[in-house]
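Engineer: The following block contains the structure, expressed as structure tokens.
The values are calculated or read from the model by the stated rules, or taken from the named source; none is laboratory data. Since the model is a prediction, treat every value here as computed from it, not as a measurement. Counting neighbours? That spans all protein chains shown, and the Cβs are built from the backbone with ideal geometry, glycine included. In case anyone asks, the SASA skips ligands and DNA or RNA and just uses the protein heavy atoms, side chains included. Shrake-Rupley method; radii C 1.70, N 1.55, O 1.52, S 1.80 Å.
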Amino acid sequence: KLYDDTELFASGNVNYYMNINCYTSNEALQNVEIRRALQLGIDRSAFVTALDAGDVYYELYGFLPVGIPDFKGDFRTNQDNEHKLVYTDKEAAKAIMEKYGYGPNNTLKLEYYYNQNAMHDTVSAVIKEKLKDIYVDVTLKTAELRTFFDDRSYGRYDLARNAFSAD
């Protein structure tokens, strides 16, 4: 698998998430525990607040959005209530990072890559801010859309914006 995914937020049937490239030259991202720390370190409600669009966006804790039925009602709601696999735990994220030698004086340096528009700018700022809390120094990188898609397809990133829509 080229990357792990960290689900962030959704709008209708569009899921917005961050690809974590396991095969980048940054060896830390090859460590599943470091990737788990990145997932634990992001408070998904911060995206909803920053985007300030009322009920248009909601936190995402898996790839299936709210509104997909299962045999007991809504799949996403039932999964989140029964065994949420994606959640925020900054203290656990910090503990993982510290286990591998990261801390306030030795941060993990990563690059977040996205195609620039107002929403992506807001999301990238939240990612940078939230990961800073767990000893990750994020540099933001943008490119025009076609270049971004090509680079993402060929794995030329540490972290990258992505989205998935139900069609």
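Engineer: Quick one: in the range 120-150, which of the residues that are of a type in the set (Val, Ile, Thr) and not in a strand (DSSP E or B) is surrounded by the most Cβ atoms within 10 Å (Cβ to Cβ)? Walk me through it before giving the result.
Structural biologist: To start, the set of residues in the range 120-150 that are of a type in the set (Val, Ile, Thr) comprises 122-123, 126-127, 134, 136, 138-139, 142, 147.
Still in the running and not in a strand (DSSP E or B): 122-123, 126-127, 134, 147.
Values: 122: 14, 123: 22, 126: 20, 127: 26, 134: 23, 147: 12.
Per the stated criteria, the residue is 127.
Engineer: Of everything in the range 98-119 that's outside any strand (DSSP E or B) and in contact with an Asp or Glu (Cβ under 9 Å, 6 or more places away or on another chain), which residue is nearest to residue 49 (Cα to Cα)?
Structural biologist: So the first thing to find is which residues in the range 98-119 are outside any strand (DSSP E or B), and the list is 98-102, 104-105, 107, 116-119.
Next cut, in contact with an Asp or Glu (Cβ under 9 Å, 6 or more places away or on another chain) only: 99-100, 107, 116.
Values: 99: 31, 100: 32, 107: 26, 116: 20 Å.
Among them, the one singled out is 116.
Engineer: Consider residue 153 carefully, then state whether it is surrounded by fewer than 17 Cβ atoms within 10 Å (Cβ to Cβ), farther than 28 Å from residue 106 by Cα and in contact (Cβ under 8 Å) with a residue 60 or more places away in the chain.
Structural biologist: On the way: surrounded by fewer than 17 Cβ atoms within 10 Å (Cβ to Cβ): yes; farther than 28 Å from residue 106 by Cα: yes; in contact (Cβ under 8 Å) with a residue 60 or more places away in the chain: no.
So residue 153 does not fit the description; no.
Engineer: A further question on this structure: Just to be sure, is residue 67 open to solvent by 40 Å² or more (accessible area, probe 1.4 Å), farther than 20 Å from residue 130 by Cα and not charged (D, E, K, R)?
Structural biologist: Values: open to solvent by 40 Å² or more (accessible area, probe 1.4 Å): yes; farther than 20 Å from residue 130 by Cα: yes; not charged (D, E, K, R): yes.
Judged against the criteria, residue 67 is a match.
Engineer: What number goes with the only condition from (1) touching a residue at least 24 places away in the same chain (Cβ under 8 Å); (2) within 16 Å of the chain's Cα centre (by Cα); (3) open to solvent by 60 Å² or more (accessible area, probe 1.4 Å) that residue 104 does not pass?
Structural biologist: (2)
Engineer: Taking only the range 151-167 into account, find how many residues are more than 23 Å from residue 35 (Cβ to Cβ) and outside any loop (DSSP other than H, G, I, E, B).
Structural biologist: We begin by selecting, within the range 151-167, every residue more than 23 Å from residue 35 (Cβ to Cβ); these are 165-167.
Remaining after also requiring outside any loop (DSSP other than H, G, I, E, B): 165.
Residues flagged as more than 23 Å from residue 35 (Cβ to Cβ) and outside any loop (DSSP other than H, G, I, E, B) within the range 151-167 amount to 1.
Engineer: Any residue that is open to solvent by less than 50 Å² (accessible area, probe 1.4 Å) and either under 15 Å from residue 161 (Cα atoms) or modelled with pLDDT of 90 or more (or both) - is there at least one of those in the range 73-80?
Structural biologist: So in the range 73-80, the residues open to solvent by less than 50 Å² (accessible area, probe 1.4 Å) come out as 73-74, 76, 78-80.
Next, from what is left, pick out any that are either under 15 Å from residue 161 (Cα atoms) or modelled with pLDDT of 90 or more (or both): none.
Taking every residue of the range 73-80 in turn, none turns out to be open to solvent by less than 50 Å² (accessible area, probe 1.4 Å) and either under 15 Å from residue 161 (Cα atoms) or modelled with pLDDT of 90 or more (or both).
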